[in-house]
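The values are calculated or read from the model by the stated rules, or taken from the named source; none is laboratory data. The model shown is predicted, which means the values in this text are computed figures rather than measured ones. Note: ideal-geometry Cβ built from the backbone for every residue, glycine included; neighbour counts use all protein chains shown. The accessibility values were calculated without ligands, DNA or RNA, using every heavy atom of the protein model including side chains. Shrake-Rupley method; radii C 1.70, N 1.55, O 1.52, S 1.80 Å.
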Amino acid sequence: MEITQDYVLVGFKLLGSLALLMYGMKLMSDTLQKMAGPQLRHVLGAMTTNRFTGMLTGVFVTAAVQSSTATTVMTVSFVNAGLLTLAQAISVIMGANIGTTLTAWIMSAGFSFNITDFVWPAYVAALFLIYKKKHENVGEFIFGVATMILGLGTLRQTGVEMNLGDQPAVLSFFSSFDPTSFTTTILFLLIGGVLTMCVQSSAAVMAITMILCSSGALPIYQGIALVMGENIGTTVTSNLAAMTASTQARRAAFAHMFFNLFGVCWILAVFRPFIDGVCGMVGYDVTMTKESVSHAAFMANAAKLSFVLAAFHTCFNLANTFILIWFIPQIEKVVCFVIKSKTGKEDDETMRLLYIDSGLMRTPELSVLQAQKEVAHFAKRLQRMFNMVPDLLDEKDTDEAVKRFSRIEKYEGISDRMEYEIAHYLEQVSDRHLSDETKGQIRSMMRQVSELESIGDACYNMGRTISRHLTGQEPFTDEQHASLMQMMGLCREALVQMRRVLDEEANRDIEPTMRVETEINELRNRLKAENIVSVNDHRYSYALGTTFIDLVAECEKLGDYVVNVVEARLGIS
């Protein structure tokens, strides 16, 4: 009974220390992204001028945020936004694979000596900083680092307590596999991949592999096979997540898988010589057995295995990148051939978001760019919707007029759904830990989508008024028609100015929008005054005059909504 309790306690310690490790890494990564998210976006956009700078950018960004997933998601966001080509994205993903190897080195250091004694002062310092709002992010980062180190230290101590190297059952299990067999290598590679997909963390599987190897229970060749499987497992996860995402997102995820699969294939061809070379570089004796030397000498040699795993991980990704970086155009052709476009042309008559796709996991700080691009796409749709209104006014054929108004109605429904989808996405992002700057951007975009939806309502109201008017007996006079066309021309100009502000990061000028708004207001006031005179002089009926002024008023409202969108985008309250 006591032995069973001991096993249960050790099992919970193992799981708990893995949980601490994973939580510490997540907290550290999220906090770094919160502190440097906007800067990371600028760095990624500016430093990908060619394949080599793109690769280095991927290395440094991933090493900084300790998350290759975050870098990959950010890169896909840029591809979706049209700021990076797929070829540039592939080079960044290659760099991300190198940058993520820093995690293995941190783990290997944690397995080499007891570093938990250093975490307690760090927790105290972190607590003080967290309660001082000004330095809350720094405190959370230190808390995350300390938790990660505590998890590593506890994991190391649990591994020692388990004494796996002297457990007959464990040794018998691993010795049942022929270490020289290619089948054994493939089997452990698959086990590593499946484990990574199950726990959704390559870091956790790497930690388990280090425990098994450093205890002397798992031979190095099988341990390396597990590490290779982790590399494939983490890409399978991202590909499954990207299945419902945009075409470019699926292509980037597939490029990541292609990169790692290619690496595994050529490594298998030179498996033992490559590993022996890495072992020699670290100073690990692959020929040493437990029977040939003392227990202390064997365990001292086995203790180097965590560094062997980290060194292999780095050497593998460096070599793979060096081979494939010259063939990025060819890789791009392969992934484009395998992942076909969903549609050759955007269907304007359906509600389809281009930049926001719920299937792919998002990094909160880096989701803002995609949302902003979706807002700009929303504005583009509404501009198309407005262009139908003057066409409806000019329509002479009754049947064609009905079809045109039907399209305006359809676009109004699209407008309502797009507002909901974008706002819902922004609400989900706002629930996460965000920097003050990003919170402000989300509030701005919530205001933008609300005002854009009002533009859609104004277009629909104009279309409905014109549609009803066309079924009547009294047409607009030539002067009324010319005035309405002049007013709608100003509205069209206002929408063009609005789209420039939404599309161009460098365009921060509200003056062109305000100039058009002033012209709309002045024309509205003049037309209202002229309409009163015309009705009193019996140039046309009061009912026609009312319809005319209703359209003028809707145009003026549309101009106000445009100003509100521009002010929200520029941060003007």
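Rounded, prolate or oblate: which one fits the stretch 382-534, using the alpha carbon gyration tensor with axes a ≥ b ≥ c (rounded when a/c is under 1.5, else prolate when a/b beats b/c, else oblate)? In terms of gyration-tensor shape, oblate.
From the alpha carbon centroid of the stretch 513-557 to that of the stretch 392-463 is 26 Å.
Each residue of the stretch 326-339 was assigned a 3J(HN,Hα) from its phi angle through the Karplus curve 6.51 cos²θ - 1.76 cosθ + 1.60 (θ = phi - 60°); the sequence is 7, 10, 4, x, 5, 4, 4, 5, 4, 5, 5, 5, 6, 9 Hz, with glycine and proline shown as x. Computed extension gain for Leu318 through Ile572, at 0.36 nm per residue and net of the alpha carbon distance, reaches 86.7 nm. Modelled spin-label separation between Val270 and Asp416, with each label point placed 7 Å from Cα along the Cα-to-Cβ direction: 6.4 nm.
Once the 1.4 Å probe is applied to the protein heavy atoms, the stretch 407-562 comes out at 50 Å² accessible per residue. Once all protein chains are placed together, Glu400 keeps about 70 Å² accessible to a 1.4 angstrom probe. Protection proxy ranking for 553-559, 332-338, 251-257, using the average of other Cβ atoms within 10 Å per residue and placing the highest first: 251-257, 553-559, 332-338. With 0.36 nm allotted per residue and the present C-alpha distance subtracted, the Lys13-Gln157 stretch has 50.9 nm of extension available.
Between the DSSP loop rule and a limit of at most 13 other Cβ atoms within 10 Å, which trypsin sites (Lys or Arg not before Pro) in the stretch 391-454 are left? Sites meeting the loop and neighbour criteria: Lys396. Mind checking the full-extension length gain between Asp178 and Thr85? Use 0.36 nm per residue of separation minus the Cα-Cα distance, one decimal, nm. Result: 28.9 nm gained on full extension. Rounded to 0.05, the FRET efficiency of the Met485 and Arg447 pair, given R0 = 25 Å and the Cβ-Cβ distance, is 0.20. With the simple model of a label 7 Å out from the Cα in the direction of the Cβ, Ala125 to Met281 spans 3.2 nm. Listed cross-link partners Lys380/Lys557; Lys132/Lys373; Lys26/Lys439; Lys133/Lys373; Lys333/Lys410 are compared with a 29 Å cut-off, the Cα-Cα value being larger for Lys132/Lys373; Lys133/Lys373; Lys333/Lys410. How many nm is it between the label spots at Glu530 and Thr53, if each spot is 7 Å from the Cα in line with the beta carbon? My value for the distance between the label points is 5.5 nm.
When the solvent-accessible area of the stretch 460-499 is split by element, carbon and sulfur atoms take up 47 percent of it, the probe being 1.4 Å.
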